[in-house]
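Participant: Sharing a structure here in structure tokens format.
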Amino acid sequence: NFTTFLGAGTIIMYGINSIRQMVSTVSELDKSLVNLQMATGGTTEETQKLLNTYIDLGQELGATGTEVANAADVWLRQGKTIAETNELITNSVILSKIGQIETADATQYLTSAMKGYKVEVSDVLNIVDKLSAVDINSATSVSGLAEAMSRTATSANMAGIEMDKLLGYLALVGETTQKSMDSVGESFKTIFARMGNVKLGQFVDED
């Protein structure tokens with residue numbers, strides 16, 4: 001009898017948890033729908049169709065509809081077109097899967113790299129390729145490199161440091177010092193800022 005009751009209880013709890021998860025998913029999708037409508041300015045019907053598209057895209061990429069919709073919301077709010085957003089979403093999800101990070105973080109890292117180096121939408125996937133290539137050839141991770149670059153991309157570009165060289169610098173210092181990559185990124189940001197000040201004739205003494 002105990003085994004029977006235990007089995008029945010397990011089935012009931014599984015059902016309850018499944019229902020809770022479904023309710024949570026519906027709630028998250030509703031929130032995504034509202035965010036997308038605000039970002040696009042479309043009607044509820046138009047936005048619902050767009051959300052359905054992102055849910056289907058998520059299934060193709062191995063991501064949830066909410067993850068894809070949230071990434072879309074970020075890109076759309078940056079003024080990207082629907083076509084550009086769809087391409088950038090794919091890049092965000094690929095980076096999130098390779099780097100084992102949240103899609104929102106992947107989107108943030110790619111945004112920083114794009115703006116810092118003025119990368120066109122069609123070339124964003126190359127950023128993912130570069131991160132993956134350095135990851136394979138160094139004792140650093142895609143996620144760490146992406147985070148470090150996001151912190152210093154703009155200052156590095158202003159200092160005349162190409163992305164390939166920057167990733168090499170970050171990887172070498174990261175694997176040598178074994179410090180957190182966000183710290184490495186901030187360190188290079190400070191270095192490039194001081195280089196800029198030297199070029200402007202500031203912080204230069206007789207020595």
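The values are calculated or read from the model by the stated rules, or taken from the named source; none is laboratory data. A quick note: this is a predicted structure, and the numbers were derived from the prediction, not measured. Counting neighbours? That spans all protein chains shown, and the Cβs are built from the backbone with ideal geometry, glycine included. Calculation scope for accessible area: heavy atoms of the full protein, side chains included, ligands and nucleic acids excluded. Shrake-Rupley method; radii C 1.70, N 1.55, O 1.52, S 1.80 Å.
Participant: Looking at Ala113, Ala133, Ala106, which is the one that is surrounded by fewer than 19 Cβ atoms within 10 Å (Cβ to Cβ) and small (Gly, Ala, Ser)?
Facilitator: Testing whether each residue is surrounded by fewer than 19 Cβ atoms within 10 Å (Cβ to Cβ) and small (Gly, Ala, Ser) leaves just Ala133.
Participant: A further question follows. Kindly indicate which of Leu200, Leu166, Leu172 is out of contact with any Cys (no Cβ under 9 Å at 6 or more places or on another chain), open to solvent by less than 80 Å² (accessible area, probe 1.4 Å) and either of a type in the set (A, V, I, L, M, F, W, C) or at pLDDT 95 or above (or both).
Facilitator: Result: Leu166 is the single residue among Leu200, Leu166, Leu172 that is out of contact with any Cys (no Cβ under 9 Å at 6 or more places or on another chain), open to solvent by less than 80 Å² (accessible area, probe 1.4 Å) and either of a type in the set (A, V, I, L, M, F, W, C) or at pLDDT 95 or above (or both).
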